[in-house]
Amino acid sequence: EPEVTQTPSHQVTQMGQEVILRCVPISNHLYFYWYRQILGQKVEFLVSFYNNEISEKSEIFDDQFSVERPDGSNFTLKIRSTKLEDSAMYFCASSATGGFNEKLFFGSGTQLSVL
Amino acid sequence: KQEVTQIPAALSVPEGENLVLNCSFTDSAIYNLQWFRQDPGKGLTSLLLIQSSQREQTSGRLNASLDKSSGRSTLYIAASQPGDSATYLCAVPDSWGKLQFGAGTQVVVTP
């Protein structure tokens, strides 16, 4: 079964450093998303992306965050200058057409630790 | 703003018992409700998506019911097995692809 792939599975970085989290969505999907889960908290939406543009973003997704689809297969989340509070599990997801009644398919996540 | 709540936060049952997991939401104008499974340190696996026009959705030992008017969904897992041990999350869409998640119910099935 097709799946969403995320790399790396774990990333450790120093505060203030830039990190790029990578995702390969399911190949025929058009809508892409990033979510995150801080330890012990709910999974929360960060951003949705379609047609090379951000469709929607949460208040968490400030100027320190950016997303990009650099080629036909990858989807990346960049955090420009990491803070301690950015430590979380980051999930990439994709859906075929973004419709309300479509399932979202999630990757296995990147655990980001900011020291 | 939609709020999603799951009770209980944790549940432990002996193998073979049926599991009943609850999810409630504050805004009944939902398009669907999705149930996910999360294993420790792992991603989210979609189990069932129940549309607003449906009252039930079944997959194998899993059955999800939806009562929009009362703002509730229930996930039933029949004849639980140790492999069912995981955290179960429910989520409803706020807008396209933007899911509001509950905090989850952590399930332990003991042999």
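Taking strands (runs of 3 or more DSSP E) that fall entirely within the stretch B:1-75, which contain at least 1 residues that are more than 27 Å from A:Trp34 (Cα to Cα)?
Filter on the stretch B:1-75 gives B:10-14, B:19-25, B:56-59, B:62-67.
For the stretch A:58-85, which positions are within 14 Å of another protein chain (Cβ to nearest Cβ), within 13 Å of the chain's Cα centre (by Cα) and assigned to a loop (DSSP other than H, G, I, E, B)? Quick ask: steps written out before the conclusion?
Step one: of the stretch A:58-85, the residues within 14 Å of another protein chain (Cβ to nearest Cβ) are A:58-61, A:67, A:75.
Now drop any that are not within 13 Å of the chain's Cα centre (by Cα), which leaves A:58, A:60-61, A:67, A:75.
Within the stretch A:58-85, A:Ser58, A:Ile60, A:Phe61 qualify.
Which condition breaks for B:Gly16 when tested against (1) exposed (fewer than 14 other Cβ atoms within 10 Å of the Cβ); (2) within 14 Å of another protein chain (Cβ to nearest Cβ)?
Going through the list (1) exposed (fewer than 14 other Cβ atoms within 10 Å of the Cβ); (2) within 14 Å of another protein chain (Cβ to nearest Cβ), B:Gly16 breaks only (2).
Go through the residues of the stretch B:78-92 one by one and say whether even a single one is without any contact (Cβ under 8 Å) to a residue 40 or more places away in the chain, farther than 14 Å from A:Val43 by Cα and more than 10 Å from chain A (Cβ to nearest Cβ).
Yes, that holds for at least one residue.
Regarding the stretch B:33-41, can at least one residue be identified that is crowded, with 16+ Cβ neighbours inside 10 Å, basic (Lys, Arg) and farther than 24 Å from A:Ser9 by Cβ?
Taking every residue of the stretch B:33-41 in turn, none turns out to be crowded, with 16+ Cβ neighbours inside 10 Å, basic (Lys, Arg) and farther than 24 Å from A:Ser9 by Cβ.
As an exercise: evaluate B:Ile50 against (1) aliphatic (A, V, I, L, M); (2) surrounded by fewer than 19 Cβ atoms within 10 Å (Cβ to Cβ); (3) modelled with pLDDT of 90 or more and give the number of the one condition it does not meet.
The single condition B:Ile50 does not satisfy is (2).
Tally the residues that are more than 8 Å from chain B (Cβ to nearest Cβ), hydroxyl-bearing (Ser, Thr, Tyr) and in a loop (DSSP other than H, G, I, E, B), restricting the search to the stretch A:94-115.
1
Hey, among B:Asp84, B:Asp94, which residue is modelled with pLDDT under 95 and acidic (Asp, Glu)?
Details: B:Asp84 fails: modelled with pLDDT under 95.
Just one listed residue meets the conditions, B:Asp94.
Can you name every residue in the stretch B:38-72 that is charged (D, E, K, R) and under 11 Å from the mean Cα position of the chain (by Cα)?
B:Arg72
Which of the residues that make up the stretch B:76-111 are assigned to a loop (DSSP other than H, G, I, E, B), in contact with a strand residue (DSSP E or B) (Cβ under 7 Å, 6 or more places away or on another chain) and either surrounded by 21 or more Cβ atoms within 10 Å (Cβ to Cβ) or small (Gly, Ala, Ser) (or both)?
Those that are assigned to a loop (DSSP other than H, G, I, E, B), in contact with a strand residue (DSSP E or B) (Cβ under 7 Å, 6 or more places away or on another chain) and either surrounded by 21 or more Cβ atoms within 10 Å (Cβ to Cβ) or small (Gly, Ala, Ser) (or both): B:Ser80, B:Ser85, B:Gly97, B:Gly102, B:Ala103, B:Gly104.
Any residue that is free of Cβ contacts under 8 Å to residues at least 24 places away in the same chain, buried (at least 16 other Cβ atoms within 10 Å of the Cβ) and within 14 Å of another protein chain (Cβ to nearest Cβ) - is there at least one of those in the stretch B:55-71?
yes
The values are calculated or read from the model by the stated rules, or taken from the named source; none is laboratory data. What you see is a predicted model; the values in this text were computed from it and never measured. Every residue, glycine among them, receives a Cβ derived from its backbone with ideal geometry; neighbour counts consider all protein chains shown.
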